[in-house]
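All remarks here apply to the structure that follows.
The values are calculated or read from the model by the stated rules, or taken from the named source; none is laboratory data. As the structure is a computational prediction, the values presented were derived from the model and not from experiment. No Cβ is skipped: glycine too gets one built from the backbone with ideal geometry, and neighbour counts run over all protein chains shown.
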Amino acid sequence: MEPLKCSLPTSNCETDFQKKVLYQESIGIDSFSLIENHPLLISAPLADIKSTVEFMTSMEFTAIEFRRIVGMCPEVLTTKVSDIVPVFTFLIHEEAHVNGSDIKRVINQRPRLLVCSVNKQLRPTLYFLRSIGIEEVNGHTYLLSCSVEEKLIPRISYFENIGFSRRDATSMFRKFPQLFCYSIKNNLEHKHNYFVVEMGRDLKELKDFPQYFSLSLEKRIKPRHKLCVELGVCFPLPVLLKTSESQFRNRLDVCVNSSIPRKTSPLWCFSCEIE
């Protein structure tokens, strides 16, 4: 990239902004692509940016990892070290109980944790998750950056609105916390409608197998359901969807091309088991 042209006197040409651009380029960061999403970079002091980079380096993040973190969350560059340190303290030494050896994986997975307030965001979310029975939060730290009011509660409420009791709804999230990550409009609604209208199955199956919402509607749920309908076979939801394609085809072949075992036979429940 060519040096920025400046119309000011030569002695003043190297402005603070230019220094920031050159510094960020020196560590492999394209300032202009980030400024569009995070304009505060323009006014952020260079000294603060350097301190943040040096701190992350001291935490053994590689240059490639840091560039990826900044690409996913540009706000990291304008967050002071004095605000980042409490996040690491909270995650490792305080309530979240993340193993020190796992901290890089946690941050790489969810860089936005670094720009969250411990008191206003991380701690309240941690307490909420524990209040509904998710005790091992260190295995689901990506949820700590989520808003309780704007994201977590609305998803529980959605399941209550479609017929689950509060107890059953929270049980589903306790069993499969990733459920909090799915869009109500673009995921949950479509898959619930297909489950009820096309598959005609009981909501209890969703309570027992909330992982249903993590599977592709077009690539797995619909094709397998339609094939079973064509062949007159009905599998329990986990057998229908959780098994690999080869396992699913083998079970289907057994049901279609074999005689049904007697109820007294040890093979009677074979099709309901998951390897």
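General observations
- Ala96 without any contact (Cβ under 8 Å) to a residue 60 or more places away in the chain and within 19 Å of His140 (Cβ to Cβ): yes
- Identity of the residue in region 197-217, assigned to a helix (DSSP H, G or I) and free of Cβ contacts under 8 Å to residues at least 24 places away in the same chain, that ends up farthest from Gly139 (Cα to Cα): Val197
Quick grid of which residues meet (1) modelled with pLDDT of 95 or more; (2) of a type in the set (S, T, N, Q); (3) over 24 Å from Glu189 (Cβ atoms):
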| position | (1), (2), (3) |
| --- | --- |
| Ile92 | no, no, yes |
| Ser101 | no, yes, yes |
| Asn108 | yes, yes, yes |
| Pro111 | yes, no, yes |
| Asn138 | no, yes, yes |
| Glu150 | yes, no, no |
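- Filter result (touching a Ser or Thr at 6+ places or on another chain (Cβ under 8 Å) and part of a helix (DSSP H, G or I)) within region 84-115: Ile84, Leu91, Val106, Gln109, Arg112, Leu113, Leu114, Val115
- One residue stands out in region 116-145 among those that are part of a helix (DSSP H, G or I) and among the polar types (S, T, N, Q): the one that is surrounded by the most Cβ atoms within 10 Å (Cβ to Cβ), namely Thr141.
- Residue identified as more than 21 Å from Leu152 (Cα to Cα), crowded, with 17+ Cβ neighbours inside 10 Å and within 18 Å of the chain's Cα centre (by Cα) among Ile69, Ile84: Ile69
- Being surrounded by fewer than 19 Cβ atoms within 10 Å (Cβ to Cβ) and touching a residue at least 24 places away in the same chain (Cβ under 8 Å) is a property that does not hold for Leu113.
- As a summary of the residue check, Leu46 satisfies the conditions (1) at pLDDT below 90; (2) in contact with a Lys or Arg (Cβ under 6 Å, 6 or more places away or on another chain) except for the one numbered (1).
- Qualifying residue in region 171-192 (condition: of a type outside the set (Lys, Arg), under 18 Å from Phe235 (Cβ atoms) and modelled with pLDDT of 95 or more): no
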